[in-house]
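Trainee: Structure incoming, see below.
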């Protein structure tokens, strides 16, 4: 198993379950997965104990993981309309 650089960002949200259903969030995750392809992965999940959504990205470089995770986290942090 190849170990890849990983970035985890916890994002405080008002409704942690609604975030994953938001079109903008789904699109951001799909775009990131397409960009990373087989060279990385994206995991987005609500915390079990806090009003947080966890954004985790693995990529071939730490810079790619950080940049991708931050782009998704910025979208997750925006209020849902």
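The values are calculated or read from the model by the stated rules, or taken from the named source; none is laboratory data. On a predicted model such as this, the values are computed, not experimentally measured, just so you know.
Trainee: What number goes with the only condition from (1) assigned to a loop (DSSP other than H, G, I, E, B); (2) modelled with pLDDT of 95 or more that residue 25 does not pass?
Mentor: Only one criterion is unmet by residue 25, namely (1).
Trainee: Next up: Can you confirm whether residue 72 is within 10 Å of the chain's Cα centre (by Cα) and in a helix (DSSP H, G or I)?
Mentor: Yes: the conditions hold for residue 72.
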